[in-house]
Amino acid sequence: MSTRTGKQTVVMSNPPVIIGGAAIVGRKEGDGPLARYYDQIVDDEYFGEKSFEKAESRLLRDTLVKALEKCGKSASDLNFIISGDLQNQCTAASYALRDVRVPFIGIYGACSTMAESLCIGAALIDGDAAEMTACITSSHFCSAEKQFRYPLEFGYQRTPTSQWTVTGAGCVLLGKQGDGPAITSFTAGIITDMGIKDANNMGGAMAPAACDTILRHLEDTGRSLDYYDLVLTGDLGSFGRSMLIRLLKGNGIDVKDRYNDCGCMVFDLEKQDVVCGGSGCGCSAVVLSSYILEMMNQGKLNKVLFVATGALHSPTWVQQGESIPCIAHAVSLENVG
Amino acid sequence: MTDIIEAFITGGIICVLAQLLTDYTKITPARIMVLFVVMGVVLGVLGIYPAIVDFGGAGATVPLTGFGNTLAKGVIREVNEAGLIGVLTGGVKAAAAGISSAITFGYIMAIVSKPKLK
């Protein structure tokens with residue numbers, strides 16, 4: 001049974017294992033540095049559907065099917081699917097999974113959703129409530145632009161701190177036993193709001209939340225940052241990434257070369273015209289379920305702290321002049337045994 | 001040829017202003033557009049914009065500031081001809097061609113085309 005240690009951290013007694021994963025991405029992500037780790041790269045941003053919303057749903061569903069297929073499992077092996085996305089009322093997931101007859105836990109943590117789903121999935125398994133769960137999140141550039149900024153038809157100019165929402169979905173299957181990295185503990189974040197109101201500067205808004213959760217995780221577990229081979233934030237982008245490095249340094253922690261950000265890894269920042277890097281629920285999900293999983297399975301990375309960050313605002317609240325509350329959840333992934 | 005160059009310079013300067021606002025301020029794109037329309041109205045009323053149109057031609061009438069100028073011009077004319085009611089009717093009358101074509105062509109383009117990634 002899981003036990004809480006310190007203020008915000010939960011330690012697993014029988015760490016659930018990531019038995020496999022899959023990632024499907026769009027064309028722009030497929031041109032990025034991690035292209036060879038993805039299961040599928042789809043050129044058509046509509047994924048064969050009539051709207052961007054339906055396209056994202058299709059993408060999420062296809063990714064689940066691909067993950068099940070790779071692990072030799074079927075949907076009936078799953079006790080729960082924990083899933084979320086960036087569309088209003090989290091509908092990419094709901095519509096994608098309406099025909100899949102598996103208990104569905106729909107969650108919203110903005111871009112931190114992947115880490116949130118891993119926390120819930122791991123707790124369910126370690127608490128004997130499930131044998132196997134699927135954790136899956138998606139985002140789509142075109143549906144997110146419409147949701148959070150302007151419809152693509154408007155064709156507006158992007159600002160210097162803006163990021164590019166990743167078109168992609170990542171899925172991992174968690175099981176009681178199996179080969180693969182285990183979730184040994186997680187630290188649920190608290191909401192941090194530094195008063196930033198610029199919805200085009202998510203990295204800057206989210207970096208303090210990431211810093212807070214990382215410090216809390218290290219304190220709760222009594223570990224130093226050097227314990228991990230890699231600390232990986234979700235989608236701070238280049239601006240938020242350097243801000244987090246500064247914030248950690250201010251707290252006496254030098255990240256050296258042990259830190260990276262999925263938003264900076266998923267695109268080539270110099271060549272791909274994405275301004276500050278990738279973002280979205282799909283950003284950390286595709287990097288985790290492709291590249292990171294592969295590196296851990298090969299033993300090139302053995303201890304990874306996955307810290308997905310989320311900006312918990314809506315356009316309505318920002319239009320009413322409110323600042324952006326942010327969150328970060330940390331999941332400790334380790335090759336054990 | 002000089003007309004083209006003058007239009008290019010005038011339109012270019014207006015666009016550079018908008019780009020600077022995008023890059024160095026937190027004003028949202030929608031607000032920049034509204035700001036430009038209002039700016040056109042003010043400059044139109046002050047008689048400055050017509051002078052810019054004389055120099056730049058389409059370079060000044062095509063951008064959003066030109067739309068604001070047309071609104072101002074229409075209101076002034078209508079007030080002179082029909083009295084104060086012109087405040088309400090003049091602007092839209094003068095801009096009728098622009099507004100109707102934006103709706104019509106926007107609708108046609110929405111039917112014949114689909115948004116795509118850049």
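The values are calculated or read from the model by the stated rules, or taken from the named source; none is laboratory data. These figures come from a predicted structure and were not determined experimentally. Every residue, glycine as well, gets a Cβ built from its backbone with ideal geometry; the counts of neighbours run over all protein chains shown. Accessible surface areas use protein heavy atoms only, side chains included; no ligands, DNA or RNA. Shrake-Rupley method; radii C 1.70, N 1.55, O 1.52, S 1.80 Å.
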Among B:Thr65, B:Gly40, B:Leu117, which residue has its Cα furthest toward the positive end of the charge dipole of chain B, with +1 on Lys/Arg Cβ and -1 on Asp/Glu Cβ? B:Leu117
Sites matching GluC sites (Glu not before Pro) across the range A:5-90 that sit in DSSP coil, with at most 15 neighbouring C-beta atoms within 10 Å: A:Glu49
For A:Lys271 and A:Ile191, calculate 0.36 nm times their separation in residues minus their Cα-Cα distance, and state this gained length in nm to one decimal. 25.4 nm
Per residue of A:199-205, other chain Cβ atoms within 10 Å number on average 1
Would you rank A:Glu294, A:Glu270 by solvent-accessible area, highest first, keeping every protein chain in place and using a 1.4 Å probe? A:Glu270, A:Glu294
In nm, the gap between the two label points placed 7 Å beyond Cα toward Cβ at A:Ser13 and B:Leu84 is 8.3 nm
Shielding by partners for B:20-30, please: the mean number of other protein chain Cβ atoms within 10 Å of each residue's Cβ. 4
Report, for the protein assembly as shown, the % of DSSP beta bridges that are antiparallel, rounded to 5. 65 percent
Taking the Cβ of B:Val45 as the centre, find all other residues whose Cβ is under 15 Å away and add up their charges (Lys, Arg: +1; Asp, Glu: -1). +1
Please list, ordered by chain and number, the residues whose modelled amide H lies under 5 Å from the amide H of A:Gly20; skip anything fewer than 5 residues away on the same chain. A:Leu173
If each K or R counts +1 and each D or E counts -1, the residues other than A:Cys283 whose Cβ falls under 14 Å of its Cβ total -3
Apply the Karplus parameterisation 6.51 cos²θ - 1.76 cosθ + 1.60, with θ equal to phi minus 60°, to every residue of the range A:73-80 and state each ³J(HN,Hα) to the nearest whole Hz, in sequence, with x for glycine and proline. 10, 10, 4, 5, 6, 8, 8, 8
Normalised by the number of residues in chain B, what is the relative contact order in percent for Cα pairs under 8 Å and 6+ residues apart? 22 percent
If I stretch the segment between A:Glu69 and A:Ala35 completely, what's the gain in nm (0.36 nm per residue apart, minus their alpha carbon distance), one decimal? 10.2 nm
If you wrap a convex hull around the Cα atoms of the range A:233-294, how much volume per residue is inside, in Å³? 89 Å³
Please list A:Phe104, B:Phe105, A:Phe148, A:Phe52 from largest to smallest accessible area, probe radius 1.4 Å, with all protein chains kept in place. B:Phe105, A:Phe104, A:Phe148, A:Phe52
At 0.890 mPa s and 25 °C, Stokes D of the protein assembly as shown from Kirkwood alpha-carbon radius, µm² per second: 103 µm²/s
Under Karplus coefficients 6.51, -1.76 and 1.60, residue-wise ³J(HN,Hα) of the range A:235-247 in Hz, glycine/proline x: 8, 6, x, 5, 5, x, 5, 5, 5, 5, 4, 5, 5
For the A and B pair, go ahead and give the buried accessible area with a 1.4 Å probe, both sides summed, in Å² to 100. 1400 Å²
Phi to ³J(HN,Hα) by Karplus 6.51 cos²θ - 1.76 cosθ + 1.60 over the range B:84-89, Hz, x for Gly, Pro: 4, 4, x, 4, 8, 9
Two-decimal Rg to Rh for chain B - Kirkwood Rh, Cα set: 1.03
Candidate residues B:Thr89, A:Thr167: accessible-area rank, largest first, probe 1.4 Å: B:Thr89, A:Thr167
